[in-house]
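Before any comments, here is the structure.
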Amino acid sequence: MIPVVSARSLIKRYGELTAVAGVDLEVHAGECFGLLGPNGAGKTTTVEMLEGLLPPDQGSVALFGLPWHHHAQELRERIGVQLQETHLPAKLKVVEVIRLFRSFYRNGPTPEEIMAAVQLDEKRDTWVSRLSGGQKQRLSVACALAGSPDLLFLDEPTTGLDPQSRRALWDLVTTFQRAGGTVLLTTHYMEEAARLCDRVGIMDHGRVIALGTPAELTASLAASPAHAGHFVDREPTLEDVFVALTGRQLRED
Amino acid sequence: MPVLAPARSPSRRRRDYHPLWQLTLARFREFLREPDAVFWTFFFPILLAVALGLAFRNRGEDPVYVALLRQPGADSIARLLERTPGLHARVLPADSAALALRRGSVALVIGRQDGRYTFRYDPSRPESRIARLVSEDALQRAAGRTDPVATTAEQVREPGSRYIDFLIPGLIGFNLLSTGLWGVGFTVVQMRKEQLLKRLFSTPLRRPHFLLSFMFARLFFLAAELALVLSFAYLVFHVPVRGSLFAFAFLAVLGAFCFTSLGLLIASRSRTLEGVQGLMNLASLPMWVLSGVFFSTERFPALMQPLIAALPLTACVDALRAVMIDGAALLSQAGEIGVLAAWGVVCLGIALPIFRWR
């Protein structure tokens, strides 16, 4: 079966800095794949290359088996993208923003259906600037869902949200996945990754340094000789794996 | 939940709205929900017209002030000059008279020496030359001169030949330029800063639709803007539109297209508001000075005329003025129309491929 996302030897440099230093990645249909890593590990750069927003210096990306450079328009119809820091137009109402994004796609649900799905129907006539952080984030995901995508990209979708909003977003992702959608998300929260993702990749210094299901990664940590005796009283978590792989030093943004 | 169902699920429907229309509506709504922008677009040209209209209004005849040197008999000469309407004479000692002349509070100093009058004035000042002629005429008539030929004066003050008539089409052109550059430039760069352009770029939205939405939104505002300024000019200053309204509207639309393209080109790469502001000033300042908004371009040297004529604002203002004041036909403005269309097409043609979406 053709993978939904397939990236080969992606490299992206910014002057002296190599942000992404050879990433290979495959995401399969119906999967939720999580890309984890400290700040500056190259997650966002990688995701933007997968989304067709940033051309790689080397390597290739294909979605649904179609390479970006020949099928850009078609691929954009089939993916939904939520970016880390997009400010949607502050003075537009929720329904107006959704209708706007809906109009960009050939096919998809009606604006009313989209609003109901992200539980923003009560806020339909509220200006974007007056929404809470969680509501803004749900609106952002709603815009990504406007074309009934087969593949959804979420870049740190829950950063800065309160626990209720975070759970509401998780429910959205799960619903989307249950209906057959494929998800690729980045996150800083190990709990989120453990809960949502079927497989995760841990990135550091522009490379994927570990890849597998959350269970595989924690099991390999518990079994590694270097950590023998660390986990006698408790099971290792994904966070233990993350810290063991990427170290304890603070990273610059 | 079938709503979010991806793949080829039956809940997929065709869209009900055209993206260009939705984007134009968004532009339109965002603008109307920004009271500052509405004020500057619609009321600024009117404020400017009022201010300049007051400053350059056609008053009656300007009074002429002259000084007489304090000499024996000066007072009776002053009384004699005062009999001429609009002529005001004061008797001053020599040093005060010299000071008053330098400061411009009198236009002329009259003295008397050996039975003849002396006039001291700066011939480069038009009001001084008038003061001299009026004073001399009064003195000569008082001394018994008679006119060999009879004359009558016919005073003209018809709409169409005043400064305000010249100014209104200039201000309309000027406003087309400012709203085209600032309205588009700031909005685009703000959207780029806030990652909204990148977000749009990730959707199947056709790139030209995005740029065209700015043009379409401008047309809505243009109609309101023109109606407001033209009716204000007509009601308050009695400035007529002599040519056809259709020709006038056509030129305004073409001007708006041209300046919106220029705005898009200027904003096509900038990442900061400061950067785009600098570029917009660089593009618009020369046109404000050179393009004949406030005064005739004929004041500039002949060498510069071809350059001035090639500027889009010159073409816009000249054509609007020709239609409005002279009642010119649209076809007679073919050259100006060509200049505007060429600028618009070239700017848009360059902006589209180099536009930075990130």
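The values are calculated or read from the model by the stated rules, or taken from the named source; none is laboratory data. Please read these numbers as outputs of a predicted model, since none were measured by experiment. As a convention, Cβ positions derive from the backbone with ideal geometry for all residues, glycine included, and neighbour counts pool all protein chains shown.
Quick look at the numbers
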read-out: Where a residue in region A:94-105 is closer than 10 Å to A:R124 by Cα and touching a residue at least 60 places away in the same chain (Cβ under 8 Å) and its partner, wherever it lies, is part of a helix (DSSP H, G or I) and among the basic types (K, R), with Cβ under 6 Å and at least six apart; value: none
read-out: Entirely in region A:26-137, the strands (runs of 3 or more DSSP E) that have 2 or more residues that are at the interface with chain B (Cβ under 8 Å from one of its Cβ atoms); value: A:79-82
read-out: Hits in region A:142-162 - residues which are away from chain B (no Cβ under 12 Å), touching a residue at least 40 places away in the same chain (Cβ under 8 Å) and on the phi > 0 side of the Ramachandran plot; value: A:E156
read-out: Criterion (in contact (Cβ under 8 Å) with a residue 60 or more places away in the chain, over 30 Å from B:V239 (Cα atoms) and outside the structural domain of B:L235 (by TED's automatic domain parsing)) met by exactly one of B:V91, B:V149, B:V109, B:V134; value: B:V134
read-out: Members of region B:191-211 found to be in contact (Cβ under 8 Å) with a residue 60 or more places away in the chain and surrounded by fewer than 17 Cβ atoms within 10 Å (Cβ to Cβ), listed by number; value: B:K193, B:R206, B:R207, B:P208
read-out: Scope region B:146-163; condition modelled with pLDDT of 75 or more, farther than 15 Å from B:G53 by Cα and not charged (D, E, K, R); matching residues; value: B:T146, B:P148, B:V149, B:A150, B:T151, B:T152, B:A153
read-out: Test: residue in region A:65-75 that is out of contact with any Leu (no Cβ under 7 Å at 6 or more places or on another chain), of a type outside the set (A, V, I, L, M), modelled with pLDDT under 95 and buried (at least 21 other Cβ atoms within 10 Å of the Cβ); value: no
read-out: Residues of region B:285-299 satisfying the condition of being assigned to a helix (DSSP H, G or I) and free of Cβ contacts under 8 Å to residues at least 12 places away in the same chain; value: B:L285, B:V289, B:E298, B:R299
read-out: Residue list for region B:102-125, filter: within 16 Å of B:L87 (Cβ to Cβ) and of a type outside the set (S, T, N, Q); value: B:V106, B:A107, B:L108, B:V109, B:I110, B:Y117, B:F119, B:Y121
read-out: Cβ-Cβ under 6 Å pairs, at least 6 apart or on other chains, region A:166-191 side within 10 Å of another protein chain (Cβ to nearest Cβ) and closer than 19 Å to A:A146 by Cβ, far side surrounded by fewer than 19 Cβ atoms within 10 Å (Cβ to Cβ) and among the aliphatic types (A, V, I, L, M); value: A:T175/B:M1; A:G180/B:A7; A:T182/A:A29
read-out: Flag if B:D62 is within 30 Å of B:L167 (Cα to Cα), of a type in the set (D, E, K, R) and in a loop (DSSP other than H, G, I, E, B); value: yes
read-out: Residue under evaluation B:S261, criteria (1) touching a Gly at 6+ places or on another chain (Cβ under 6 Å); (2) among the small types (G, A, S); (3) free of Cβ contacts under 8 Å to residues at least 12 places away in the same chain, criterion not met; value: (3)
read-out: Selected residue (criterion: farthest from the other protein chains (Cβ to nearest Cβ)) from residues of region A:192-218 that are surrounded by 18 or more Cβ atoms within 10 Å (Cβ to Cβ) and acidic (D, E); value: A:D204
read-out: Residue in region B:17-29 that is nearest to the other protein chains (Cβ to nearest Cβ), counting only those that are without any contact (Cβ under 8 Å) to a residue 40 or more places away in the chain and assigned to a helix (DSSP H, G or I); value: B:Q22
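For (1) among the charged types (D, E, K, R); (2) within 14 Å of chain A (Cβ to nearest Cβ); (3) not in a helix (DSSP H, G or I), each residue gets a yes or a no:
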position: B:G173; (1), (2), (3): no, no, no
position: B:S178; (1), (2), (3): no, no, no
position: B:T187; (1), (2), (3): no, yes, no
position: B:K198; (1), (2), (3): yes, yes, no
position: B:P208; (1), (2), (3): no, yes, no
position: B:F220; (1), (2), (3): no, no, no
position: B:A223; (1), (2), (3): no, no, no
position: B:R242; (1), (2), (3): yes, no, yes
position: B:T260; (1), (2), (3): no, no, no
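For (1) within 29 Å of B:S161 (Cβ to Cβ); (2) not in a helix (DSSP H, G or I), each residue gets a yes or a no:
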site	(1), (2)
B:L68	no, yes
B:H88	yes, yes
B:S124	yes, yes
B:E127	yes, no
